[in-house]
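Notes follow the structure.
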Amino acid sequence: MGIDGSAGKDDISDKSSREWCAEALTRLNAGRPESALEAARRAADLDPADEWAHRLISLAHERQGRDADALPPAERAVDLAPGSWSARLRLAAISRRIPGRWAGAVADAVLAARFAPEEPDPEVLLGDLALLRGDHPDAERAYRAALARDPGHPQARVNLALTLLRWDRPRPHHDPAWPVDPRQTGRARRALEVWARQTRLLLALATIAVTAAAPALEAGVWAQVCGIGALAALVPLTVRQARRVGVWAYVPAMAGRDPWLGAAVLSAGLSVPAFAAWLLLGAVPATPSWLDPVWAGLAGIVVLGWPALAVVRVLAEAWRGRPMSALAELGAVPGERTAARDTGVTLWIVLIRTWSVLVALAAGALAVEPRAAVAAVAVPYPMVRACLRARRRGDAGLLAAGALVSLAALGCAAGGALGSAWGWRAGLGALGAAVAVFAVRALRAWWHGAPGPWRASLVMCDLPMGGAPSVALTSEVRQAFAYARSLVLSYGDSMGPRVVGAAGSLTSSGELRLIAEPRVWEAVEADPRVAVFAADPLQRRFWVEVRGIARAGPDVLRITPKQVLVGEFPGRHQRR
């Protein structure tokens, strides 16, 4: 019988549970979640009480996109080691992806930060939870706290940059804390968007058709009839999309969380009475001349409302946040793919800001004082400085648009200072050409499904969390706790550090279980950080200190180790 070499090596190997866990973590870091899942399961089979193995099983499932399968092993890890900050972090990281588990995710992340105040990952996860809900001040505080512990943490840096940009999720209409499934609110959002889009398009085309047919009297009558038919066609369209919404109770909150969704629905709703009033005024035989601007304004609302809203959105999103500060944070993590992508999008945001300032300055100078356009020379300076610092060379569209905006600033300044018509033409033409470059770049990104030059292309850095190794207890540490005549428990309360004697045992998984005084139970509820001391009564040469997190069980205190210290007592061999 033939045996596969690689498979046989794994089958006949005498690896321990921890060695299989280390192998699973190596495979996860190498981007092999399927193979890592197999290794983690072998570790769990060898030692079902090893919480590290269950955390790695959860992590492997999450990396494969199987969030529902990742939740039970994460819960099992917390059951095995309730005081493990890594287990709490793993459970919080996967719970946030499960509808209805958001409150539990926040609670577990808070416990992880409480159990390990020296670790950056719990603070990073708290920042992510706040950022996903749009709570930018709390997110910034959490990320800065994480960076105070680890200044080079890539996820904290990238997501802090998004916080400074006042980033919103690609689907900001849904609050992750809602118990409703995000797929339901997603269908509702899609139905509202389709209704708004179809309504505005239908009424805009009807307005253009009626206006084109108005010069001919008979054709104008038929055009009026077609206009009324367009209004009638809105009824089945509205009914069909209304049935798809389903979660009407959440629609007001969805519009509040996503103002652009609310603006789209509101503009579509306003276009209906505007179109009806426009038709009514057009049907009046002798319309007073003073109503002509009103008639034209109603047509403008119907036809130009959609493009005007799109322009306002692009400019409004470009002026949100602090992109220069965000670029400084992104530049602190070179080589990270998410940071590189977000850097390119942020540079486009800076470019759009520069373009809008130049347009406003040129329009004001032409309307009031042409010589004021000289100030346009200084406008591109922040954009140029940001591009040079970022060293973004791969985006030809960004370089072309940046060059055109710089040329526009020089042309407008020359036109204002010298009174040169050609300077103004060159400057305004360069501004228009920059818009064309942006449009081509956006169309190319849309066609290829690539990140576009808009805020929605920003993405969070989402590294796997909760895979850190658990604390391993050596044989001499286990011997000390197994044969120690008594244990000493150190804890803290409102009066300061305390020391008491305790009795207990060490489980096979490495968890300490102690019987202590009632006051100890009350103290660890406020501060779960404790230390347990033991001396080896057999060799009488070394002592052991286990620092960990105490959680109250049914009858005993369960202490999950975080750090183990071993030292020797002074003896004859040390007197010299």
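Brief remarks on what is shown
- Between residue 443 and residue 494, the contour length at 0.36 nm per residue exceeds the alpha carbon distance by 12.0 nm.
- Remark on residue 504: its backbone amide H falls under 5 Å from those of 515, a criterion applied only to residues 5 or more positions apart or on other chains, H modelled at 1.01 Å from N.
- Scalar couplings 3J(HN,Hα) for region 195-210, obtained by applying the Karplus form with A = 6.51, B = -1.76, C = 1.60 to θ = phi - 60°, are 4, 5, 5, 5, 5, 5, 5, 4, 6, 5, 5, 5, 5, 5, 5, 5 Hz; x denotes Gly and Pro.
- Distances between placed amide hydrogens fall under 5 Å for residue 493 paired with 498, all partners being 5 or more residues away or on another chain.
- Column: log10 I(q)/I(0), Debye, Cα scatterers of region 421-576, q = 0.08, 0.09 Å⁻¹: -0.46, -0.50
- With θ taken as phi - 60° and the Karplus curve 6.51 cos²θ - 1.76 cosθ + 1.60 applied, the whole-hertz 3J(HN,Hα) list for region 262-278 is x, 5, 5, 5, 5, 5, 5, x, 6, 5, 5, x, 5, 5, 5, 5, 5 Hz, x standing for glycine and proline.
- Residues whose amide H falls under 5 Å from that of residue 543, counting only those 5 or more places apart or on a different chain, are 567, 568, 569, with hydrogens built in the peptide plane.
- DSSP-assigned coil residues among trypsin sites (Lys or Arg not before Pro) in region 477-526, each with at most 11 further Cβ atoms within 10 Å: 485
- Cleavage-rule hits (trypsin sites (Lys or Arg not before Pro)) in region 307-409: DSSP loop, at most 11 neighbouring Cβ within 10 angstrom: 391, 393
- Antiparallel content of DSSP bridges confined to the chain, in %, to 5: 100
- In a DSSP loop and with at most 10 other Cβ atoms within 10 Å, the GluC sites (Glu not before Pro) in region 70-138 are 118.
- Separation of the residue 505 and residue 281 label points, Cα + 7 Å toward Cβ, nm: 8.8
- Calculated FRET efficiency, residue 114 to residue 483, Cβ-Cβ distance, R0 = 30 Å: about 0.35 to the nearest 0.05.
- Proximal charge balance of residue 563 [Cβ under 14 Å; K/R count +1, D/E count -1]: 0
- Ordering 481, 438 by the number of other Cβ atoms within 10 Å of each residue's own Cβ, fewest first, gives 481, 438.
- Three-way shape label, region 13-85, alpha-carbon gyration tensor, a/c 1.5: oblate
- Dividing the Cα radius of gyration of the chain by its Kirkwood radius returns 1.12 for Rg/Rh.
- FRET E, pair residue 377, residue 296, Förster distance 51 Å, beta-carbon r, rounded to 0.05: 0.80
- Rounded to whole Hz, the Karplus (6.51, -1.76, 1.60) HN-Hα couplings of region 356-372, x for glycine and proline: 5, 5, 5, 4, 5, 5, 5, 5, x, 5, 5, 7, 10, 9, x, 5, 5
Each reported figure results from applying straightforward, stated rules to the coordinates on display, with no laboratory input. Values in this document were obtained by computation on a predicted structure and should not be read as measured data. No Cβ is skipped: glycine too gets one built from the backbone with ideal geometry, and neighbour counts run over all protein chains shown.
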